[in-house]
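Below is one structure; the comments refer to it alone.
The values are calculated or read from the model by the stated rules, or taken from the named source; none is laboratory data. Values in this document were obtained by computation on a predicted structure and should not be read as measured data. Positions of Cβ are generated from backbone atoms using ideal geometry, with glycine treated the same way; all protein chains shown enter the neighbour counts. To get the accessible areas, we keep the full protein, side chains included, count just its heavy atoms, and leave off ligands, DNA and RNA. Shrake-Rupley method; radii C 1.70, N 1.55, O 1.52, S 1.80 Å.
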Amino acid sequence: AKWGLTVVYYLAGIFCVAKYVHQLSSTISKLKPKSKVTSLKVAANVDYCPPEVSLAAGLYKNEKNSSKMFSNTVLITTANYGYLDMLQNWALMTNHLGLKFVVVAMDDLIFNELKNQHQIFPDLYNYVIKAASRVSSNASKFNSSGFNLISCNKFKISLQIIEQCNVDLVFSDTDNVFLQDPFGHQMGQMILSRQFDFLFQLNLYPKGCIKRPGLIWGKQNGTMSHEANTGFYYLSKNAALIRNMMLETLLQCEQFAGQNGYFDDQTLFWRILSQAAANHTLARPLHYCSQQEVRHILSRDYSSAFVDVQSSIQEQNLTRLCCLDPFYHPSGQTKLPYDQRWISYHANWIIGKTGKIDVLKRIRAWNGVFSPSPNVS
């Protein structure tokens, strides 16, 4: 009897260990990426560039207005069918400013719809391409698994275009509307300076009120205190380190695929970038712009003082990044009164498409018409 009892305990122990190992293996498998790294190759054919991208390079429809230095820069946006109305509004307003752009259709429904609309508006959707990876056709709620999939897929699209077409890229969400020409303002000057690898909009909390230009940029010591908004940015084709961070973001997107929560491209990317900023052993360490550098660039001051700043950056072989002035490019600050000096407005920090449209209507930036009355508040 004693021997039999020992055998029972022994078998029970083996069962418990096996069960624990099974649970542990199951947990680990959930944490691993669902696809191999090789499945995240950005481009299946890096030698092929969609002709629409090449035709949209230069930013401006009128070549007389297009600087030769913009000749390799492309403006793109993306949308699925659930955001067709947002895309229409963005496209009308951007087209009104004389800008060329590529629309990347994220599902078959919107791709077919845009082909039909091109027959009605032949000047509006000249450059439409289909995303290699499709997503749901529905509008998705912030933090939902569908939203996270769409947001991460936008990174993949940007990387595909840069790698396949060897261009500098400006990406804009469809809820980030251009009220004035962004390339005829500070952003254009910063791009033309060739001093920055990555320019981005700040993801400021809505209650953060920016009352005048120049209040927030790089601190004097070049610290990064505010998250980048990945719904509006410029990325140089030479920014290998930033592109690698975007690839790492895609890996983490795959790891958390199908889960709700803060697993979108923006949250994951900023976490990776912040960790890299603290790593001083990188081949090309991150250099966050200082107010001094930006002032020199915007004043077009190519004096010896500016040359010193320029040469020091190049000698150190740095990856250079800077935020756009949040006064001119507000994001999600729904209570701010309209200011005619705004260059763009990003309707984020608003959950749901209806809320975004309401805010855009409030500042008269809906239906492709921007004519704010003096008393807009």
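General observations
- Filtered by the rule that a residue be open to solvent by less than 30 Å² (accessible area, probe 1.4 Å) and either part of a helix (DSSP H, G or I) or not aromatic (Phe, Trp, Tyr) (or both), segment 187-196 gives 187, 188, 190, 191, 193, 195.
- For segment 156-186, filtering for residues that are assigned to a loop (DSSP other than H, G, I, E, B) and among the basic types (Lys, Arg) leaves 0.
- Within segment 316-367, considering residues that are surrounded by fewer than 19 Cβ atoms within 10 Å (Cβ to Cβ) and of a type in the set (D, E, K, R), the one nearest to the chain's Cα centre (by Cα): 353
- Scanning segment 128-145 for any residue that is open to solvent by less than 30 Å² (accessible area, probe 1.4 Å), part of a helix (DSSP H, G or I) and at pLDDT 85 or above turns up nothing.
- Evaluating residue 113 against the criteria (1) farther than 30 Å from residue 193 by Cβ; (2) under 22 Å from the mean Cα position of the chain (by Cα); (3) in a helix (DSSP H, G or I) leaves one unmet condition, (2).
- Single residue of segment 110-122 satisfying the filter (modelled with pLDDT under 90 and open to solvent by 60 Å² or more (accessible area, probe 1.4 Å)) that is nearest to residue 88 (Cα to Cα): 121
- Which listed residue is at pLDDT 75 or above, open to solvent by 20 Å² or more (accessible area, probe 1.4 Å), in contact with a strand residue (DSSP E or B) (Cβ under 8 Å, 6 or more places away or on another chain) and not charged (D, E, K, R), from 286, 251, 199: 286
- Pairs are defined by a Cβ separation below 7 Å, a sequence spacing of at least 6 or placement on different chains, a first member in segment 176-194 that is under 21 Å from residue 361 (Cα atoms), and a second member that is among the aromatic types (Phe, Trp, Tyr) and outside any helix (DSSP H, G or I); the pairs so defined are 176/232; 177/345; 179/342; 179/345; 179/370.
- Of all residues in segment 146-178 being of a type in the set (Phe, Trp, Tyr) and within 14 Å of residue 266 (Cβ to Cβ), the one that is modelled with the lowest pLDDT: 147
- Residue within segment 84-92 that is in a helix (DSSP H, G or I), surrounded by fewer than 17 Cβ atoms within 10 Å (Cβ to Cβ), touching a helix residue (DSSP H, G or I) at 6+ places or on another chain (Cβ under 9 Å) and in contact (Cβ under 8 Å) with a residue 12 or more places away in the chain present: yes
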